[in-house]
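The numbers here are math on the coordinates, done by the rules we state, and not lab data. The structure displayed is predicted, hence computed values, not measured ones. Note: ideal-geometry Cβ built from the backbone for every residue, glycine included; neighbour counts use all protein chains shown.
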Amino acid sequence: MKRLHALVEGRVQGIGYRDFVCRHARRLDLTGWVRNLPSGEVEVVAEGEDTALAHLLLLVEKGPSMARVDEVHSSYLAPTGEFTDFVIGRS
């Protein structure tokens, strides 16, 4: 188990990017959240199995067809176990 933290830069707000991430994270049985930041970035925090997190990171780097992902800054941390689901828009 790990925790993935990612900041996504590009055209990633207002085009279904958060829904895309949430849908795939749930399918991969991950917990956490995805939210828009005032800077125009999208922030992703997910916890789960290493292989599922690696797969989610690949999807985050690609995004949905309407997105343009310019750069993803990601890191892996120790999981906290604080989440029970994967949700959109946590503050």
Distance between region 28-85 and region 1-18 - C-alpha centres, whole angstrom: 5
P(r) for the chain, please, calculated from all Cα pair distances in 10 Å bins and given in %. 19, 58, 22, 1
Give me the one-decimal nm value for the distance between modelled label points at Leu59 and Glu82, 7 Å along each residue's Cα-to-Cβ direction. 2.3
Tilt relative to the chain, helix 17-27 - C-alpha long axis, 0 to 90 degrees, to 10: 30
Determine ³J(HN,Hα), in whole Hz, for all residues of region 63-71 in sequence, where each value follows from phi through the Karplus function 6.51 cos²θ - 1.76 cosθ + 1.60 and θ = phi - 60°; x replaces Gly and Pro. x, x, 4, 7, 8, 10, 8, 8, 7
Ellipticity estimate at 222 nm from DSSP helix runs (n ≥ 4, -39,500 (n - 2.57)) divided over the chain, nearest 500: -8000 deg cm²/dmol
Could you work out how far helix 50-62 tilts from the main Cα principal axis of the chain, as a 0 to 90 degree angle to the nearest 10? 0
